[in-house]
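Report on one structure; see the data block that follows.
The values are calculated or read from the model by the stated rules, or taken from the named source; none is laboratory data. Since we're looking at a predicted model, the values are computed, not measured. We place every Cβ from the backbone using ideal geometry, glycine too, and count neighbours over all the protein chains shown.
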Amino acid sequence: MKKYIKILGIATLGIMASCSDDFIENSPYTERTEDNFYKTPDDAFEGLVAAYDVLQREGYGGFLMVSEIASDNCFGGFGTADNQVSLEWDRFEYGSDLEMNRPVWEISYMGIYRANIVLENLDGIDWTGNEDLRTQYEAEARFLRAHYHFELARMFGEIVPLDHSLSPEEFESPRAPAEETYALIAEDFKFAADNLSDDNYSLNNSADYGRVTKWAAEAYLAKTFLFYTDYYETSDLAGVVSKQEATIYINDVVNNSGHELIEDFSRLWLASSIDNYVGEGNAEMVWAIRFNGSGNGDWGLNEGNRFQVNIATRGSNLGPYAYGWGGAPVNPELYDAYQIGDTRRDATIINYEEEGLEFDNDVRSQRQHTGLSWKKYAPITNEAGEAVVAANGGDIQIDGYEDFAVIRFSDVLLMAAELNMDSDQGFAKDCLDRVRARAFQDDDHSIAVTKENIMEERRLELALEGKRYFDLIRWGLDRAKQAIDNSGDGAQFDVTFRTETNGWFPIPQSQILLSNGAIEQNPGW
C-alpha cells in the first residue's frame, strides 16, 4: 500500500483510529509521494508548512470555542432555532450529536500525522552545508507535534500518543497513561527549546512571524508543567522536566526574549482599538496563529479565521461590530469581576447597553442573551458600516483575518509569578505587578503573590483566549464546580459541572467504534 502526501494544501487525512485505507492513502494532487518527494531541504520545508497549515483550522467546535463555553466565562448561545450542541458544551451534556467534539480530535491528529511525516523523512535528505537547518526543522516539527498532543490531552485526558505514523496493525491502539503522553510532549517541547535559535519573530515585522521560537517552546514547557503537575498532583512533568527546570525556562523568556507588554491593553485587539490597533506582529505575541483574510471566499482553503464569525454580534452589523452567529455570550459574572478602573474589561467585552447599541433580541433571535459578547476577536465594520471582510470581497464565515494569540507575554509573566512564588517572592511579585500596572495604568494596584490572586488575574487578563477552563480543572475539580455551576438566572442559564467527568470532554463516538473497543468513552459520558 503506497502512502501519498499532499503538499501545502493537504486535504484531511483520515481520522487516527480509522481502519480504512483512507487514513494513509489519499488521491494526490500530484504524483509526488513519500518515496520520491523528501529529497531536498526545500521539500522538508514544504512538509513543515503542511504541519503548520493545520493550525488554521480553528473554527466552530474547535478548542477555543468549546473551552470558553465550558468555562464560567460564557454560555452556549447562538440562535434560538440552532441545534443544541452549544448548550450541551455549556451544560456538560452529551446526546444530540455524538460527534460534537470531532473537530478537535480529528484536526489534532491530522497535525500530529503531518509533523510525524516530516520527522520520519529528515534523514533521507542531503543536508550537507545545511545541518543547522535540519535541526531547526526537527525542532519546529516536534514543537507542533507537542502542541497538537497537548490540546488533545487537555480536552480528552488519556489519548493515543503518536511519535510515528501508524502502521495498519496499530490502527486499533488503546489510549496510553497520561504520563506517557506528557513525557512525549515534554521531550518535544524541550528539544525545541534547546535547539531553536533565540530569534524573536515578533520584532521588526519579520517574515517569519507565526513560526515557533525558542521563547514559545520555553513558555509552552512551563504551561505544560503547570497543567500536568497541578491536575495529576505530581512534582515534575512526567519525569522529564522538574519544577526548577520549568522555572529556569520561564524566567529566561521573561528576562531574555525581548518580548514585552504593549503599554495599552486595548491596542492588542482590533475591535477595541480600530484606529489605534498595534498590529499583529507586536512584541507581546510570543506565539500566534496567523490568518490571511485575502477575501477569496474559497471554502477549499483554510487561510482565513473561521472562528470569529461564531462569536460575532448576532443578526446584522451593529455599530463598529460586524455580524455573525452570536455564539458563546459572555457571562455577566465575568464582566462584574473586573474592578473599577481595570481597562481590560471594556477591551475584552462588548456591553451593548453601555456602548449605546440597541440590540433587539426578538429580531436577532439570540439564545441566552446576556447583553454582553466578545470584543476580543470580534470582526469589525468600516466607516460605511459594512463588514470589512465583505467589503474586501470575502465571505464573513471563512475570511476573518485577525490572528489568534496562543501565548502572550502577559501569560508568560503570570506563569513566572506562579512558578517563582515559593522560591523568589520578589521576582514573582514583580511579574504579577507588571500585569496589573498595565491593566490599571498605574502602580497603585499591587496585590499579594498567592495562587488565588494569580488564578484570578489569569481569568481577567486572559479571558476569552481559551485558558480559563483548563486553569479551573488543574486547580481542582471542586473549584471548577464552584466556579462553573450557575443557577438563579432562569432555567436557560442553569449549568451544572459534573465532577464525575474528571473535567474531560466526551470522545467522538466514531472513534470508539472504529477502534473496535480499544478506546473507551471517558467516565461520566
Answer yes or no: is there a residue in segment 113-126 that is of a type in the set (Val, Ile, Thr), in contact (Cβ under 8 Å) with a residue 12 or more places away in the chain and touching a Gly at 6+ places or on another chain (Cβ under 7 Å). yes
Original post:
Would you call TYR352 among the hydroxyl-bearing types (Ser, Thr, Tyr) and in contact with a Lys or Arg (Cβ under 8 Å, 6 or more places away or on another chain)?
Top reply: no
Taking segment 300-331 and keeping residues more than 13 Å from LEU372 (Cβ to Cβ) and either over 22 Å from the mean Cα position of the chain (by Cα) or in a helix (DSSP H, G or I) (or both) leaves GLY300, GLN308, VAL309, ASN310, GLY315, SER316, ASN317, LEU318, GLY319, PRO320, ALA322, TYR323
Contact list, first residue from segment 70-98 and on the phi > 0 side of the Ramachandran plot, second anywhere and of a type in the set (Gly, Ala, Ser) and not in a loop (DSSP other than H, G, I, E, B), beta-carbon distance below 8 Å, six or more apart or interchain, is GLY77/SER86; GLY77/GLY327; PHE78/SER86; PHE78/GLY327; PHE92/ALA70
If you go through ILE349, ILE340, the only one that is of a type outside the set (Lys, Arg) and in contact with a strand residue (DSSP E or B) (Cβ under 9 Å, 6 or more places away or on another chain) is ILE349
Of ILE349, ILE340, the only residue that is under 30 Å from ARG211 (Cα atoms) and either of a type in the set (A, V, I, L, M) or surrounded by fewer than 21 Cβ atoms within 10 Å (Cβ to Cβ) (or both) is ILE349
Residues of segment 364-412 being more than 12 Å from TYR323 (Cβ to Cβ), surrounded by fewer than 19 Cβ atoms within 10 Å (Cβ to Cβ) and of a type in the set (Asp, Glu), in sequence order, are GLU383, ASP395
inquiry  = Among the residues in segment 396-414, are any touching a Pro at 6+ places or on another chain (Cβ under 8 Å), closer than 30 Å to SER316 by Cα and hydrophobic (A, V, I, L, M, F, W, C)?
reply    = yes
Note: among ASP82, ASP35, just one is of a type in the set (D, E, K, R), farther than 23 Å from ASP485 by Cβ and modelled with pLDDT under 95, namely ASP35
Cβ pairs under 8 Å, 6+ apart or interchain, first in segment 432-446 and surrounded by fewer than 17 Cβ atoms within 10 Å (Cβ to Cβ), second modelled with pLDDT under 95 and among the β-branched types (Val, Ile, Thr), ordered by first then second residue, are none
For segment 163-203, the count of residues that are in contact (Cβ under 8 Å) with a residue 40 or more places away in the chain, over 20 Å from the mean Cα position of the chain (by Cα) and either within 21 Å of ARG290 (Cα to Cα) or outside any helix (DSSP H, G or I) (or both) equals 14
Out of (1) over 23 Å from TRP525 (Cα atoms); (2) in contact (Cβ under 8 Å) with a residue 12 or more places away in the chain, the one GLY490 does not meet is (2)
**OP:** Report whether or not ALA271 is closer than 28 Å to TYR352 by Cβ, of a type in the set (A, V, I, L, M) and either assigned to a helix (DSSP H, G or I) or touching a Ser or Thr at 6+ places or on another chain (Cβ under 6 Å) (or both).
**Re:** yes
Given (1) surrounded by 15 or more Cβ atoms within 10 Å (Cβ to Cβ); (2) in contact (Cβ under 8 Å) with a residue 40 or more places away in the chain; (3) farther than 30 Å from VAL160 by Cα; (4) not aromatic (Phe, Trp, Tyr), GLU456 misses just (1)
Is it the case, given these coordinates, that GLU46 is over 14 Å from the mean Cα position of the chain (by Cα), surrounded by fewer than 20 Cβ atoms within 10 Å (Cβ to Cβ) and closer than 18 Å to MET155 by Cα? no
Restrict the check to segment 341-353 and report whether at least one residue is part of a strand (DSSP E or B) and over 24 Å from PHE404 (Cα atoms).
-> no
Residues in segment 83-118 that are closer than 16 Å to LEU152 by Cβ, of a type in the set (Gly, Ala, Ser) and out of contact with any Asp or Glu (no Cβ under 8 Å at 6 or more places or on another chain) total 2
Checked LEU261, LEU334 against criteria (touching a residue at least 40 places away in the same chain (Cβ under 8 Å), in a helix (DSSP H, G or I) and in contact with a strand residue (DSSP E or B) (Cβ under 9 Å, 6 or more places away or on another chain)); the one match is LEU334
The condition of being closer than 28 Å to GLY300 by Cβ and not hydroxyl-bearing (Ser, Thr, Tyr) holds, among ALA81, ALA51, ALA70, only for ALA51
How many residues of segment 204-224 are at negative phi, in contact with a Phe, Trp or Tyr (Cβ under 9 Å, 6 or more places away or on another chain) and either surrounded by fewer than 19 Cβ atoms within 10 Å (Cβ to Cβ) or in contact (Cβ under 8 Å) with a residue 60 or more places away in the chain (or both)? The answer is 14
Conditions (1) farther than 23 Å from ARG459 by Cα; (2) free of Cβ contacts under 8 Å to residues at least 12 places away in the same chain -> ARG479 fails only (1)
Within segment 346-404, of all residues that are within 23 Å of LEU462 (Cβ to Cβ) and among the hydroxyl-bearing types (Ser, Thr, Tyr), the one modelled with the lowest pLDDT is TYR401
